[in-house]
Amino acid sequence: MNLHEYQAKSLLKTFALPVPIGAVAISAAEAVDVAKKLAGTCWVVKAQIHAGGRGKAGGVTICKTLDEVHAAAEAMLGSVLVTEQTGAAGKLVQRIYVEQASTIVQECYLSLLVDRDHECLSFVMSPDGGMDIETVASTSPERILTLPVGDDGLRDVEIAQVAQFLTLPLTIQDELKGLLAAMVRAFWALDASLIEINPLVLTEDNDFCLLDAKVSLDDNGLYRHGDLQALRDLNEEDPLEVKASAFGLNYIALEGDIGCMVNGAGLAMATMDMIQMKGAKPANFLDVGGGVTEDTVTEGFHLLFSNPHLKAVLVNIFGGIVRCDIIANGLIRASAMHAERVPVVLRLVGTHEQAGREIIEASGLDVRWANNLDEAATLAAAAVGGNA
Ligand code: ADP
Ligand code: MG
């Protein structure tokens, strides 16, 4: 689960990490009130969406007067912000964050993540703060340092290494040590999967300040944090994914036009690969799992058919625990809800296969049968005009 910047900053503040003071607003008038309450003469108005790259896209405005705060807030609220991370559709700005502006002397990139290669947490850092880290990785990888965190945190020699790599002044080493340790504490306490500070800045008072913060929480640890669950913003998530998760279905929206209904994550991935190999693109990943009922299968198909970009559906069921007759009944029920339907390719083998086939045939539903995955992907790609 991803958090908004304002949520991330308020959480990180509880771990004594230095963030600018600010507050969230949902109207221009409220933004001005916030600015008045914050001491200072310069504010930053920031669009709160689950995507970075706002600075370059007009989602971060530095304001020197309250009128400018009002104008910036009015321009952002209700607008659709398209950044290099949102995709072409962009994201609707429903909230803004107003915070004190910092005087930046130096900017760097600092993140803490789960490092699967080293089987531990690692800091990833770069002296090129404010830049997209993927760009730095591709253009100047030598300007990125990955530092695994040992069980006892970072040693003094490693803190010195960080300071040197980020070209920070030697006088700030104690603060740096405290900051890195606080990030590690926050990471474990929140069950995070990523804490990314871009930029971490040094201000003219020679203090650190986290000017931007992205925190991703591990969904598998969320049950331990009732308070954090409340931070979920469903507006930021794909509506079909939100619906699917309410039915216990593992659905991930993709950009293609062949809807997939598969049992088992591995088979679902293989199905998507096979579709791509036939020159077409999957519209989603959907693993119906083992213990499905006719109701959840119906909802699953209903979700697929609700996707306006869909041109075909590929059902790939290799029934073990999943029964083909349950899938067949779910397909028939969902089809009844959608008068206009895209072609459906069915590969249905395994448990209760014969019953599943008979149910479909007796229903008169127009489907294209495939004997194996290769054939199913060929038929689906042909249905969407792929080059199979
Ligand atoms: P994004 O990563 O989405 O572009 P950031 O929060 O990183 O958004 O803001 C972009 C840039 O705006 C930062 O790199 C920094 O230079 C500037 N900025 C952001 N917040 C502040 C602030 N509180 N004070 C001064 N400058 C800021
Ligand atoms: Mg940023």
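The values are calculated or read from the model by the stated rules, or taken from the named source; none is laboratory data. Please read these numbers as outputs of a predicted model, since none were measured by experiment. Methodologically, a virtual Cβ is constructed for each residue, glycine included, from the backbone with ideal geometry; neighbour enumeration extends over all protein chains shown.
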Query - strands (runs of 3 or more DSSP E) within region 289-388 that include 2 or more residues under 31 Å from the mean Cα position of the chain (by Cα) - result: 312-319, 344-350
Report task. Can you tell me which residue among Gln85, Gln94, Gln48 is within 14 Å of ligand 1 (Cβ to nearest atom) and modelled with pLDDT of 95 or more? Result -> Gln48
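Are there helices (runs of 4 or more DSSP H) fully within region 1-79 with at least 3 residues that are closer than 20 Å to Thr203 by Cα? List them. I'd like the intermediate steps shown before the answer.
Working: elements: 5-13, 28-37, 66-76.
Correct list: 5-13.
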Query raised in the report: Checking Ser245 against (1) more than 16 Å from ligand 2 (Cβ to nearest atom); (2) at pLDDT 90 or above; (3) among the polar types (S, T, N, Q), which test does it fail?
Result: (2)
Query raised in the report: Any idea which of (1) under 24 Å from the mean Cα position of the chain (by Cα); (2) surrounded by 16 or more Cβ atoms within 10 Å (Cβ to Cβ) is the one Gly266 doesn't satisfy?
Result: (2)
**Report entry** Selection count where residues are over 15 Å from Gln7 (Cβ atoms), within 16 Å of ligand 1 (Cβ to nearest atom) and either in a helix (DSSP H, G or I) or among the charged types (D, E, K, R) (or both), scope region 204-229
**Finding:** 3
Requested in this report: Please verify whether region 111-133 includes one or more residues that are among the charged types (D, E, K, R), within 22 Å of Gln7 (Cα to Cα) and within 13 Å of ligand 1 (Cβ to nearest atom).
Outcome: yes
Query raised in the report: Which numbered condition trips up Ala8, out of (1) over 25 Å from Met131 (Cα atoms); (2) among the aliphatic types (A, V, I, L, M); (3) modelled with pLDDT of 95 or more?
Result: (1)
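I'd like to check which helices (runs of 4 or more DSSP H) are fully inside region 86-203 and have at least 1 residues that are buried (at least 17 other Cβ atoms within 10 Å of the Cβ) and away from ligand 2 (no atom under 16 Å from the Cβ). Let's see the steps before the verdict.
Values: elements: 133-139, 156-165, 173-190.
The qualifying helices (runs of 4 or more DSSP H) are 156-165, 173-190.
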Report summary line: So, first residue within 17 Å of Gly129 (Cβ to Cβ) in region 46-65, second residue basic (Lys, Arg) and within 13 Å of ligand 2 (Cβ to nearest atom), Cβ within less than 6 Å, six or more apart or across chains; the pairs are Val60/Lys46; Val60/Arg54
Query - Leu240 being surrounded by fewer than 24 Cβ atoms within 10 Å (Cβ to Cβ) and assigned to a helix (DSSP H, G or I) - result: yes
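A quick yes/no check of all residues on (1) closer than 16 Å to Val162 by Cα; (2) among the charged types (D, E, K, R); (3) out of contact with any strand residue (DSSP E or B) (no Cβ under 8 Å at 6 or more places or on another chain):
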| position | (1), (2), (3) |
| --- | --- |
| Ala88 | no, no, yes |
| Gln94 | no, no, yes |
| Glu99 | no, yes, no |
| Val105 | no, no, no |
| Cys108 | yes, no, no |
| Ser111 | yes, no, no |
| Val114 | no, no, no |
| His118 | no, no, no |
| Ser122 | yes, no, no |
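Looking at Ala57, Ala72, which is the one that is more than 10 Å from ligand 1 (Cβ to nearest atom) and aliphatic (A, V, I, L, M)?
Working: Ala57 fails: more than 10 Å from ligand 1 (Cβ to nearest atom).
Of the residues listed, the single one that is more than 10 Å from ligand 1 (Cβ to nearest atom) and aliphatic (A, V, I, L, M) is Ala72.
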Report summary line: Apart from one, (1) surrounded by 22 or more Cβ atoms within 10 Å (Cβ to Cβ); (2) outside the structural domain of Arg232 (by TED's automatic domain parsing); (3) closer than 24 Å to Ile195 by Cβ; (4) more than 16 Å from ligand 2 (Cβ to nearest atom) all hold for Val69; the odd one out is (3)
Requested in this report: Please tell me if Ile26 is assigned by TED's automatic domain parsing to the domain that holds Gly87 and within 9 Å of ligand 1 (Cβ to nearest atom).
Outcome: no
Query - Residue ID - nearest to Glu237 (Cα to Cα), chosen from residues in region 46-66 that are crowded, with 19+ Cβ neighbours inside 10 Å and touching a helix residue (DSSP H, G or I) at 6+ places or on another chain (Cβ under 8 Å) - result: Ile49
Requested in this report: Could you list, in sequence order, all residues of region 305-323 that are aliphatic (A, V, I, L, M) and farther than 17 Å from Asn372 by Cβ?
Outcome: Leu310, Ala312, Val313, Ile321, Val322
Report summary line: Subset of region 213-236, residues of a type in the set (S, T, N, Q) and touching a helix residue (DSSP H, G or I) at 6+ places or on another chain (Cβ under 8 Å), comes to Gln229
